[in-house]
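Everything on this sheet refers to the single structure shown next.
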Amino acid sequence: MSENILELKNVTKSFPGVKAIDDISLTVKRGTVHVIVGENGAGKSTLMKIINGMYKPDAGEIIFDDTLLGAYTPKMARDMGIAMIYQELNIIPEMTVAENIYLGREPTRKFKTFIHNKKLNKQSAEYLKSQKLNIKARTKMKDLTVSQAQIIEIIKAITCNAKLIIMDEPTSAITESETEYLFEKIRELKAQGVSIIYISHKLDEIFKIADHISVFRDGRHIKTGSAGEFNKNSIITLMVGREMSNIYPKEEVEIAEEAFRVEGLTSKGVFSDINFSVRYGEILGFAGLMGAGRSEIVRAIFGLDKKDGGRILMGGKEVVIKSVNDAIENGIIMLSENRRKYGLIPIRSVRENIMLAALKYMLDKKFIRHRQEKKIAQEMVARLSIKTPSLNATVANLSGGNQQKAVLAKWLLIKPKVLILDEPTRGIDVGAKYEIYKIMGRLAKEGIAIIMISSELPELLGISDRIAVIRGGRLVGEIKREEATQESVMRFAAGGESNE
Amino acid sequence: MKKVIVLLLCTALIIMAMAGCTPTAPQSSAAASPSQAAASPSEPAKESPDQPAAGAKKVAFICKAYSDAFCVWVKNEMEKLAKEKYAGEFEFAAFDAENNSEKQINQINNAVANKFDVIIFQQVDTQAPVTAVKDAVSKGVTVIAVTGHIEDGGASIYVDSSPEQQGTLIGQVAAERLAKDAKIAILQGPAGNPHANGREAGFKKGLETRKDVQIADEQIGEWQKEKGLTITQNWLSSIKDLQGILCHNDNMALGAYEAIKMAGKEGKIQIYGVDAMAEAVLAVKDGKMEATVFQNAIAFAEKGLEFASKALKGEKLESIIVDSELVTKDNVEKYIELHKQLGNIK
Amino acid sequence: MNKTVETNIKPGVIDVKQLYNKYGIFAILIVILAISSIISPAFLTDTNILNVLTQISVVTIVACGETILIISGMIDLSPGSVIALSGCLCVGTYKSLVAGNMAWGLAGIISILLAMGVGMVISFLSSAIITRYNAPPFIVTLAMMTAARGLCYIYTGGQPIYDIGEIRVIGQSSLGFIPITVIAMILVLIITWVILTQMRFGRYLYAIGGNKEAAVASGIKTNKTIMLAYLTSGAFVGLAGSIFMARLNSGQPSEAVGLEFDAITAAIIGGSSFNGGIGTVTGTLAGAIIIGIINNILNLMLVQSYYQQIVKGFIIVIAVILDIKTKGKTK
């Protein structure tokens, strides 16, 4: 038995118009955690899909567990012992947790066609309990939070006796404690001899578990080494292909008078008595653990959700916000953390998406002037450096970072006074993140008041002028930029305890 | 939320009141089942002003479909007659089977359960209601089929016409009128429908004497005027020298006429139909149609109620066939008069 | 949840799927046209072409309304019944007005507007229930379908309205050599095209159908837009009803059953997606023409009724499968 669980030799894969994977060779040692990093479009996800059987390589060899593999399907891969946790959750909303965990290997009754539902639910409940997870087996997938759903997906992969588990951005949507849970599981698996390929953007995180690190760029394998050979900066340099001295560009901005104030904002059972204010040109960061209620607060401010009490004031004057329209008309804009669901119309074009709000709040004409629209959209694409083949390209085909920029473009066209960004850089690679930070800085300079919700502490610390911390639906602390440290923020966010 | 419910209820009530007010007093299909009809306040008051004594006899009429103009004709006749002639003898209630066998079976069962003494019905299907009918008869209910009959071995009595006789009448008159070597086409009723099948057989029988006549095409027009129109329009493009169109019913014949008129071929193609609807007899008078056949809707209504009355008096009943009559220009005035009396022609 | 389609397509590269998406239906149309002309010499005559156009007019008008609705993620199952109701009301009202000595031009206009008004009232009711209670459009419009048919029978007493008078010209006559029904159809097609491509309202329809949550979160008044879509469709259906009965030269309460399915089929074959967010008026027109030609050619060839059904079903299934395969993954 060789020391490698997986060997890729000169693998190449092209799609119409683009070479996604260019002559990549890679080895993964047994019983190790092998982290792969790279910008979006670097080819990481594509390579994983090749390993997992979803795509067939145009050239090259795949040797798994000392066997040279011919063409195979994901199901065959699963049977061979390759399991994969996808970045984009593919859940069936009406399916219960129990059904999902046991999908494909349900306990059956005497006649194989009937599923033993009682057993299914009992076993699942037991398992969830043994894993100390506070999720009920009969809950429908659609009723889970994003992080809970992701955890279930992780469990699914872990419990099917794989030899190699591929995890694609598994922590992008889960809480800190759940991340810890995952890392513990990973260590357990390692001890059992299971090998793990781990893709992540979170450079701080990977050093906690990585044995080896590979850097990809533009479809090519740049370098592989043991974790100790790298540090954060060297990785970034390799990923981006250039020196990046400043991950968090922060501009000097004149902070003006108060733009926006919230008093006593309450929503029964979700958050209570939230008071804060933001000034023009200021960036207010919202820190807190997932589930603390930050998204809910801003959704209520934006008129998407109802609130039970509290006032919102713009420039000192109270405004009534009962719907999204009210918010927009008062100059309050929010980019949702779920851009797929709330930010974009995926099947429509870049141009239509960018113009979606502007049609009413900027141009306000019943008829569309196509030439004018094209010009405006083109300008936005240039201003935000949105990479797209054309204005008519389907926005779903853009990378995550460019999609986020498209959503930003949509809102910037109507010149917000207060811009609320909920996890603006989630799932976006380092290069694109940087661009978004720069944009935020520019906007602050132009005098816009910005509120940013983020679960990446380094990001919050790097960009915010002030950080407000939410815990359990209450605002428990406000820290100025100069005084803020990861520890001080976490102390507020987690209340000194190590679980949620 | 409450406001909307109230609004909807008011709308529903208004509609029901409207229904009560129109002269033919049709019932909306929502109130189709006998039990509901017996409970609705407006119906008995309007249809039988001389209330029969308590413990009065009840006669139900299950119409095949309110969407079928001929069936509705029979129903209207019955309602009129019941009011004029039989008000003192029994209460009369009509129901709509909506051309649905299952619904009709349920209505038969409900009528029995609601203690109707006689059930008159127009069958949607010849086999489906047999069990329900036999059950009703076994419970002492008299069942009378009109404008059709079912295969129940004599459990029900029928007042029927013969589709084949109707078809033969048309076939014969067409045989007399069509030119030599004439090409004709046939517009048919729905597949498997006994009226359609009977008339088809009748057409061909009537045309036996004219072996030179060719049937260029037959298409199913589903009794519908629109289909008759469209199919004929297309025939006019593809069949050279079409000289006659025989139709299983007037609706399709009238549709065929519209197509011929729009193509400017009036007078060049003979059109035949069955049913003697008001519009059709006028068409025969004007020469737009050659002939149609009068299914004696009035006789059906009369005989149906007469049988009901006899049954209630304990008399024995025997099934009868009512002959249909050929309507041509020679005798069309009689039928126009009839329609005028019925209020179909103003 | 959506899956990212992983392609970074460089401009200039030809992608067969995308090509078919845009132009496929027209290719099919041309093929069917070609085959039909070869099979039957009667097909390509002036009369027959005009016949086909008149025969598809009513369905196409309704299909325009359905296209608008399907694009926004909605549907309407009531058009067949509303055609009967509005059509009978139109010719019945016309007959009464003229009997009361009104000029037939004015009477005609009033009657047609009345029909369109009725169509709009019914759609308004449907859309009000759909938006207020977040009720599934399928069920609500299905209920409306039954109710409208019932209303029609009540109005007509179950009997046809005949001898309707001059109003029949809108269904039977031509202006020059173009039948009036075709003119109406072209008008409706143009209006629909303008709505979908030139108006903000149309853009909003695509957005709501593509992702309703995102539309709401982008400040679009979705309920208002949806109701407007239904109103538009209702007006179209009312117009279609007038034409339908005029063509038959009588008000027939039992006709047009199931007509909405022909209209919806035309829209789907033409590229509209039941998921919403996708659809064009040109596609719908192509779909309606294809179905119309198929009906026509089968008739011209004197194909027996039963076989016609089978052939039609077969062709529709093929078109739909082709459509699914070239749209890629949807929600």
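List of remarks:
- An ellipsoid equivalent to segment C:227-331, defined through the eigenvalues of its Cα gyration tensor, has semi-axes of 25, 23, 10 Å when rounded to whole angstrom and sorted largest first.
- For the protein assembly as shown, the fraction of C-alpha pairs farther apart than 55 angstrom is 36 percent.
- Whole-Hz couplings from phi, Karplus 6.51/-1.76/1.60, listed for segment B:258-273; x for Gly and Pro: 4, 5, 5, 4, 5, 8, x, 10, 4, x, 8, 10, 7, 10, 10, x
- Over segment C:71-175, the reciprocal of the mean inverse Cα-Cα separation, the Kirkwood hydrodynamic radius, stands at 14.8 Å.
- Here segment C:117-167 and segment B:110-133 have alpha carbon centers that stand 31 Å from each other.
- Contact residues in segment B:190-227 by the 40 Å² criterion (accessible area, 1.4 Å probe, full protein complex versus chain alone): B:219, B:220, B:224, B:225, B:226.
- Cross-link table B:183/B:261; B:265/B:346; A:268/A:317; B:103/B:139; A:75/A:129, entries beyond 23 Å C-alpha to C-alpha: B:265/B:346; A:268/A:317; A:75/A:129
- Normalised by the number of residues in chain A, the average gap of Cα pairs under 8 Å and 6 or more apart makes the relative contact order 16 percent.
- Among the chymotrypsin sites (Phe, Trp or Tyr not before Pro) in segment C:166-270, those located in a DSSP loop and surrounded by at most 16 other Cβ atoms within 10 Å of their own Cβ are C:177.
- 1.4 Å probe accessible area per residue over the protein assembly as shown, in Å²: 43
- For the protein assembly as shown, with all protein chains in place and a probe radius of 1.4 Å, 56% of the accessible heavy-atom surface sits on carbon or sulfur.
- As computed over segment A:126-243, the Cα convex hull volume per residue (Å³): 127
- Percent breakdown of C-alpha pair distances by 10 Å bin, ordered from the shortest bin, for segment A:311-382: 16, 39, 33, 12, 0
- Here's the list of lysines a cross-link from residue C:325 could span, going by alpha-carbon distance under 21 Å and ignoring same-chain residues fewer than 8 apart: A:56, C:3, C:17, C:22, C:312.
- Alpha-carbon centroids, segment C:86-106 and segment A:369-401: separation in whole Å: 54
- Of the trypsin sites (Lys or Arg not before Pro) found in segment B:164-237, those that fall in a DSSP loop while having at most 16 other beta-carbon atoms within 10 Å are B:180, B:211.
- Peptide C:158-168, shielding by other chains (average Cβ, 10 Å cutoff): 5
- When exposed loop sites are taken as chymotrypsin sites (Phe, Trp or Tyr not before Pro) in a DSSP loop with at most 15 other Cβ atoms within 10 Å, the longest stretch of chain A clear of them is A:115-500.
- Percent RCO, i.e. relative contact order, over segment C:140-221, from Cα pairs under 8 Å lying at least 6 residues apart: 10
- For chain C, the relative contact order is 33 percent, taking Cα pairs closer than 8 Å that sit 6 or more residues apart in sequence and dividing their mean separation by the residue count.
- Summed over both chains, the contact between B and C buries some 3200 Å² of accessible surface at a probe radius of 1.4 Å.
- Loss of accessible area when A meets C, both sides summed, Å² nearest 100, probe 1.4 Å: 3800
- Shown here: segment B:201-309, whose C-alpha atoms stretch 55, 31, 25 Å along the first, second and third principal axes, sorted largest to smallest.
- For segment A:111-157, the set of trypsin sites (Lys or Arg not before Pro) satisfying both a DSSP loop assignment and a count of at most 11 other C-beta atoms within 10 Å is given as A:112, A:132.
- Each 10 Å bin, from zero up to the one with the longest distance, holds this percent of the alpha carbon pairs of segment A:178-304: 9, 26, 22, 24, 17, 2.
- Most mobile of C:171, C:150, C:271 in a GNM of chain C (Cα contacts under 10 Å): C:150
The values are calculated or read from the model by the stated rules, or taken from the named source; none is laboratory data. Quantities reported herein were computed from a predicted structural model and do not represent experimental measurements. Virtual Cβ from ideal backbone geometry, glycine too; neighbours counted across all protein chains shown. When the accessible area is computed, the model is the full protein with side chains, heavy atoms only, and any ligands, DNA or RNA have been set aside. Shrake-Rupley method; radii C 1.70, N 1.55, O 1.52, S 1.80 Å.
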